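Since the structure comes first, as structure tokens, the remarks are kept for the end.
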Amino acid sequence: MEPLMHENRVFHPPEDFVKGAAIPGMEAYNKLCAEAEKDYEGFWGRLAKENIYWKKPFTKVLDESKPPFYKWFEDGLTNASYNCLDVNIQKGNGAKKAIIFEADDGTVTEATYQDLLDRVCKMANALRKMGIKSGDRVIIYMSMSIEGIVAMQACARIGATHSVVFGGFSAKSLQERIVDVGAVAVITADEQLRGGKALPLKVIVDEALALGECEKVKNVIVYKRTGGNIPMTAGRDSWMHDVVANESTSCEPEWVSAEHPLFVLYTSGSTGKPKGVQHSTGGYLLWAILTMKWTFDIKPSDIFWCTADIGWVTGHSYITYGPLAVGCTEIVFEGVPTYPNAGRFWDMIAKHQATIFYTAPTAIRSLIKAASGDESIHPKNYDLSSLRLLGSVGEPINPEAWMWYYEHVGGSRCPIADTFWQTETGGHMISPMPGATPMIPGSCTLPLPGIMAAIVDEAGHDVPNGSGGILVVKRPWPSMIRTIWNDADRFVKSYFPEELGGTLYLAGDGAIRNKDTGYFTITGRIDDVLNVSGHRMGTMEIESCLVANPLVAEAAVVGRPDDMTGEAICAFVVLKGGRPTGDEAKKIATELRNWVGKEIGPIAKPKDVRFGDNLPKTRSGKIMRRLLRVIAKGEEVTQDTSTLENPAILDQLKQSL
Ligand code: WTA
């Protein structure tokens, strides 16, 4: 991060962008921040009234009586699906395109706001007919599709809490989530299509349910995507097209409290099993809407494209809810950025005239590499003049990638919103406001108005600008995590630790503010969570998975920097049968990688697997991970190793490259 502190290129928002912007200039930004500082509840109350349709208005903005279990707009009644669909239709936008869907093979399907409402209502009625009611949980295990968004919105319409599981997770990961959340139904597809290949979904659901403890699941609803041959269990499984066939296109929404759980989304933490991050309805939706307006400066004429998957929080806030709630047209893409070639994103921007494009640094880096090997898919060969704004999310964007994105994709005319946020925060926390904030490559710049982000030391005291520390948020905000599903204790311990005084929200990232500008730069996770291609992976989770393999005696997993994926997973493994070498080591490494792929999902497969007779441990038996991090990087160990029980092991692990 050192070089970043010396980054001094500044990019100002173009003048004509500023003119029409929702936040036109720093003065407007500062004014909003000052309003929040002066009257925090008044600020949020005003915005909630202006931006959300309330069936019954709230009378209290924020309830802080039981910290850190904060409640926002609690006695207000609303519905997320109603706000996304009916409200736009009432404004006269029924015939407006809501979604332009491009399939893996390039086939384009469109849905207007009216189409979407009709489909959501039919699905919602079908779910109700199955006995699914407000407060029930429904697992959604689908790939990118209009049907996936319809499924989520249909749950929201009847007050059922959805929990989307990314289509790349294994049967075991899926089963754990089904059990933890206590799902009564699973919505899936026969198969998914990615990069020309059909991959299973329904078969994995069957496998997951067969793993046990899933008795509560009474219905599995299957969207026919590929028509692939899959078994259907009578009495439990039904086709989506059959269950909606005779349903009405109107469906009275379930009016829920603003605090009603809209969704639970599982994410990796620093210990063992994934955490079910629980989000609210009112506060969450409010921030999805405001960040669409502020960070993305969304206008009715925009064609917005977020390339995330609905299996991640970015897909929730910036595909399923935010863009629809503000009534814009959005692009939804089923496939992968490299199929049929690495010009796919640029081709789609040109074809659909996208005006706002939001993607991850890992995708940008891989496309830079592809374009340097094949000129024909370089963005300069595509007409990207429709673009007016770019966004980045998921991991720090390195200045080189920022510059390439700015110059070659944005034609040096589009601001870049480098948005720092998390599954737990519901929406953007720190990001340039595109019509206001001067941008510095590699810095996510300043907190959004109303977000009281700060940097503190290990005792929770503010540190001066220029000194690094721990990123915290000092005041609750509407879209924050409400609790961890089934584990309120873990919620308090993970996010409001006593060491920091118990009232600061701990993001889990390190950060530093620039001495002169006060700009934030995120320096990476401070816990045992890795960020691989923008996906969060808990090292403990991978370790326990490795140790569960019959061959493995002990394992330690650390991250190392990787040019393409940001971080790469590196596993140090001790086998029960002794240290393998040569071809045998290669064979077992492959076996272990596949094991992790099968147990957790392909995204968790370690890139490096190294074998030792032992792991470096202190005399008290604690694994010295900091030494493993050094070895993983391929660097010399220069740190103090005097507490190490078995120093000779370091040489062995170094050699096992
Ligand atoms: C990292 C994704 C730097 C960070 C929305 C955070 C970032 C974790 C950025 C959350 C960014 C996300 N700059 N780091 N712009 N955006 N991160 O929950 O470490 O999948 O804690 O949410 O990603 O990942 P999550």
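The values are calculated or read from the model by the stated rules, or taken from the named source; none is laboratory data. Just so we're clear, the structure is a prediction, and the values are computed from it rather than from any experiment. Reconstructed Cβ throughout: ideal geometry from the backbone, glycine too, with neighbour counts over all protein chains shown. The protein model used for the area step is the full one, side chains on, heavy atoms only, and it has no ligands, DNA or RNA in it. Shrake-Rupley method; radii C 1.70, N 1.55, O 1.52, S 1.80 Å.
Among the candidates F43, F58, F11, F73, the residue that is under 26 Å from P396 (Cβ atoms), among the aromatic types (F, W, Y) and open to solvent by less than 70 Å² (accessible area, probe 1.4 Å) is uniquely F11. Within the stretch 388-407, no residue satisfies the criterion of being of a type in the set (S, T, N, Q), in contact with an Asp or Glu (Cβ under 7 Å, 6 or more places away or on another chain) and either assigned to a helix (DSSP H, G or I) or more than 10 Å from the ligand (Cβ to nearest atom) (or both). The conditions of being aliphatic (A, V, I, L, M), within 23 Å of S257 (Cβ to Cβ) and in contact with a strand residue (DSSP E or B) (Cβ under 7 Å, 6 or more places away or on another chain) are not met by V186. Across the stretch 508-520, the qualifying residues are those that are part of a strand (DSSP E or B) and open to solvent by 10 Å² or more (accessible area, probe 1.4 Å), and the one among them that is farthest from the ligand (Cβ to nearest atom) is R513.
Of all the residues that make up the stretch 408-422, how many are within 11 Å of the ligand (Cβ to nearest atom) and open to solvent by 20 Å² or more (accessible area, probe 1.4 Å)?
As a first pass, look at the stretch 408-422 and keep what is within 11 Å of the ligand (Cβ to nearest atom): 416-422.
From what's left, open to solvent by 20 Å² or more (accessible area, probe 1.4 Å): 420-421.
Looking only at that region, the number is 2.
Just give me the residues in the stretch 544-558 being outside any loop (DSSP other than H, G, I, E, B) and closer than 21 Å to Q652 by Cβ, in sequence order. Listed by number, the residues that qualify are L546, V547, V552, A553, E554, A555, A556, V557, V558. Only one entry of E567, E541 meets the criterion of being acidic (D, E) and in a strand (DSSP E or B), and that entry is E567.
Based on what the data block shows, is G450 small (G, A, S), under 18 Å from K293 (Cβ atoms), away from the ligand (no atom under 11 Å from the Cβ) and at pLDDT 95 or above? If you could, list the steps in order and put the result at the bottom.
Values: small (G, A, S): yes; under 18 Å from K293 (Cβ atoms): yes; away from the ligand (no atom under 11 Å from the Cβ): yes; at pLDDT 95 or above: yes.
Spelling it out, G450 is indeed small (G, A, S), under 18 Å from K293 (Cβ atoms), away from the ligand (no atom under 11 Å from the Cβ) and at pLDDT 95 or above.
In the set (1) modelled with pLDDT under 95; (2) within 16 Å of the ligand (Cβ to nearest atom), the condition left unmet by G272 is number (2). Of all residues in the stretch 628-657, those being over 26 Å from E584 (Cα atoms) and touching a strand residue (DSSP E or B) at 6+ places or on another chain (Cβ under 8 Å) number 3.
What do you reckon, is G269 of a type outside the set (D, E) and on the phi > 0 side of the Ramachandran plot? In short, no. For the stretch 426-447, taking the residues that are closer than 16 Å to L290 by Cβ and small (G, A, S), the one that is surrounded by the most Cβ atoms within 10 Å (Cβ to Cβ) is identified as G427. Here P337 passes the criteria (1) within 30 Å of Y284 (Cβ to Cβ); (2) open to solvent by less than 10 Å² (accessible area, probe 1.4 Å); (3) not hydrophobic (A, V, I, L, M, F, W, C) except the one numbered (2). For I397, the criteria (1) at pLDDT below 95; (2) open to solvent by 30 Å² or more (accessible area, probe 1.4 Å); (3) over 30 Å from E147 (Cα atoms) hold in every case but one, which is (2).
Among the residues of the stretch 361-387, the ones that are within 16 Å of the ligand (Cβ to nearest atom) and not charged (D, E, K, R) come to 4 in all.
Pairs linking a residue in the stretch 596-623 that is of a type in the set (A, V, I, L, M) to a residue that is open to solvent by 60 Å² or more (accessible area, probe 1.4 Å), with Cβ atoms under 9 Å and 6 or more positions apart or on different chains, are V596/P602; V596/K605; I600/K172; V609/T590; V609/R593. Checked against the criterion of being assigned to a helix (DSSP H, G or I), over 22 Å from L193 (Cβ atoms), at pLDDT 95 or above and out of contact with any strand residue (DSSP E or B) (no Cβ under 8 Å at 6 or more places or on another chain), the candidates K293, K369, K299 yield just one match: K293.
Scanning the stretch 277-290 for residues that are small (G, A, S), part of a helix (DSSP H, G or I) and more than 15 Å from the ligand (Cβ to nearest atom) turns up G282, G283.
For every residue, the table says whether it meets (1) within 14 Å of the ligand (Cβ to nearest atom); (2) surrounded by fewer than 24 Cβ atoms within 10 Å (Cβ to Cβ); (3) among the basic types (K, R).
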position: S317; (1), (2), (3): yes, no, no
position: L324; (1), (2), (3): no, no, no
position: V332; (1), (2), (3): no, no, no
position: A342; (1), (2), (3): no, yes, no
position: M348; (1), (2), (3): no, yes, no
position: I356; (1), (2), (3): no, no, no
position: T359; (1), (2), (3): yes, yes, no
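Out of the residues in the stretch 303-315 meeting the condition of being in a loop (DSSP other than H, G, I, E, B) and either away from the ligand (no atom under 14 Å from the Cβ) or among the aliphatic types (A, V, I, L, M) (or both), tell me which one is nearest to T281 (Cα to Cα). Going through the qualifying residues, I end up with I310. Exactly one residue among E110, E102, E74 is among the acidic types (D, E), more than 15 Å from L290 (Cβ to Cβ), in contact with a helix residue (DSSP H, G or I) (Cβ under 7 Å, 6 or more places away or on another chain) and modelled with pLDDT of 95 or more, and that residue is E102. Of the residues contained in the stretch 256-266, one or more are found to be crowded, with 24+ Cβ neighbours inside 10 Å and in a loop (DSSP other than H, G, I, E, B).
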